[in-house]
Amino acid sequence: MQTQTVDLGFKPRPWQLKALQSLKRFSVLVVHRRGGKTLAAIMKTIDAALRLQRPNGRFAFIAPELKQAKDNAWHYVRDYASKVPRTRIHESELWVEFAHNGARIRLYGADDPDNLRGGYLDGVVLDEVAQLKSYVWGEVLLPQLADRQGWAIFIGTPKGTNLLSERYYKALQDPTWYAECFTIDDTHAIPEAELEVMRAQQTEQQWRQEMLCDFNASSDEALIGIDLVRAALGRHLRSDAYDFAGKVLGVDVALGGGDKTVLQLRQGLAAFKPDVLDLRDPKQIGDFVAVKIDQCRVDTTFVDASGGWGSGVISRLTELGYSPIGVDFGGKPTDSRFANKSAEMWWQMKLWLESGGALPDDNSYIVDMTGRLYDYKNAAGKLALEKKEAMKARGLKSPDLADALALTFAAPVAAKRIELPGFEYQLQYTRNVHEYDPFERAQRERERVYG
């Protein structure tokens, strides 16, 4: 077969070259604004399309909206692809096709997900991933890559907790993925004079997020910050730091909607590896919980009873002779400063993290625990959490892991009783008291508004 060399005129910057040489089947590139991530991903796509040996290859560049994809990428795709002889270019449908093998690169918008379904893909670039709905990847694109073992590149700049942060942190733990973050200090893509202008005009939060790729910069409205969770992941504790405390099991029940039932065991400052169940029968879930209680010698079990989801599990455990405690997330809190029981439990979970709580070394906790926002914008001025419907509208899944852990703070659980010959005594477990008052900010705001 004859080969032809075509100079496309692309000279990668050092960071682009490093990234392109390191890509795996699935890759995540977190890059600051105007760093050149879109061009790097497009050049990878053009190169892959030109080299494809099988006929009729299909490659996609997907942005949150079609207009966004056109504005960000079409001129790159069209101009570089047109340097290849006999390339077909379809301006209205935003695709290019190479004559020698029929490989086609097309732009799409995730705002019309039905237009993405069906067919197959040899490769896909997901742009501005922080703005994409999470289901677009798992439900729509991943199955399209399966037939021909296609690849995917996620590119974007941090914007809080979302699909980008979820994929990035999971990729860091998965050796089959490639993940890297490139800040302005890594790329040197913008002249120093321009950086000085930008730095003078941006807020500290904007600079950290847009140029330093700080996922935590957007967490001002998040109840639990990313740095706090990352510090807790895989934290090692000596057993005498927690083994005197009672063992508490939180059971967040999900019987549908794609969510999973999670069993989270905690003892004092130590949270242990959770059990994630893909079960829909309350009796089966109840049986699993019963085994967990016996195996781990659990002292108290709190089960999510919100909306009747956990009632079947509670009934099954009661039938088997156990004494689970149902917890309504929307119920009345013990502390009147909170809007409901959920806000109170999540706040206690935050305090636990600040006290040195240890989480399993699983980056899934980052997404679950940091994605939920809070405010005091209710009539009573109480701390309230963002509703799950609002989270899902932002592309986040239900925080099942976090809810299961939060359940372990539903009420105080007595420490273990230690029996010694001739007498017994109760060990006391005292929670740290923090000088920081979470309600101080709300009080200052009320004083500013109402005087």
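What follows is calculated from the coordinates using simple rules that are stated; it is not laboratory data. Not measured: the values here are computed from a predicted model. Cβ placement follows ideal geometry from the backbone for every residue including glycine, while neighbour counts extend to all protein chains displayed.
For segment 201-277, the relative contact order comes to 18 percent (Cα pairs under 8 Å, sequence separation of at least 6).
Hey, what's the Cα Rg ratio for the chain versus the globular rule of thumb, 2.2 N^0.38 Å? Don't jump to the answer; show the numbers that get you there.
On the way: Rg = 25.9 Å, N = 451, 2.2 N^0.38 = 22.4 Å.
In units of the 2.2 N^0.38 Å rule of thumb, it is 1.15.
Find out how many positive minus negative residues lie around D400, taking Lys and Arg as positive, Asp and Glu as negative, among other residues whose Cβ is under 9 Å from that of D400.
Numbers: positive: K260, K397; negative: D252, D259, D368, D403.
The answer is -2.
The alpha carbon convex hull volume per residue for segment 102-191 rounds to 140 Å³.
Just how large is the dipole of the chain about the Cα centre, in debye to the nearest 20, putting +1 at every Lys and Arg Cβ and -1 at every Asp and Glu Cβ?
Values: 59 positive and 61 negative charges, 195 e Å.
Charge dipole, the chain, about its Cα centre: 940 debye, nearest 20.
With only Lys, Arg, Asp and Glu charged, each at its Cβ (+1 for the first two, -1 for the last two), find how big the charge dipole of segment 14-220 is about the Cα centre; round to the nearest 20 debye. Present the calculation step by step, with values, prior to reporting the outcome.
Numbers: 26 positive and 27 negative charges, 191 e Å.
Charge dipole, segment 14-220, about its Cα centre: 920 debye, nearest 20.
In terms of packing, defined here as the mean over residues of other Cβ atoms within 10 angstrom, the peptides 158-169, 200-211, 38-49 line up highest first as 158-169, 38-49, 200-211. The alpha carbons of segment 19-82 give a radius of gyration and a Dmax of 12.4, 36 Å, in that order.
Ranked from largest, the principal axis spans of the Cα set of segment 14-220 equal 50, 34, 31 Å.
Note on A393 and A200: their simple-model spin labels are 4.0 nm apart, each label 7 Å out from Cα toward Cβ. Under the criterion of Cα pairs below 8 Å and six or more residues apart, the relative contact order for segment 14-220 equals 29 percent. For segment 296-419, the Stokes-Einstein estimate of translational diffusion at 20 °C and a viscosity of 1.002 mPa s comes to 135 µm²/s, using the Kirkwood hydrodynamic radius over alpha-carbon pairs.
Only one residue of I293, V96, Q68 has its Cα farthest out toward the positive end of the dipole of the chain, where Lys and Arg carry +1 and Asp and Glu -1 on Cβ, and that residue is V96. A convex hull fitted around the alpha carbon atoms of segment 184-337 yields 194 Å³ per residue. Put +1 on the Cβ of each Lys and Arg and -1 on the Cβ of each Asp and Glu in the chain; which of I226, M198, S82 then has its Cα farthest toward the positive end of the dipole? Value: S82.
Looking at the chain, what % of its DSSP beta bridges pair antiparallel, to the nearest 5?
Values: 24 of 59 bridges.
Of the beta bridges lying entirely in the chain, close to 40 percent run antiparallel.
Three principal axis extents of segment 227-440 based on alpha-carbon atoms, in descending order, are 58, 45, 33 Å.
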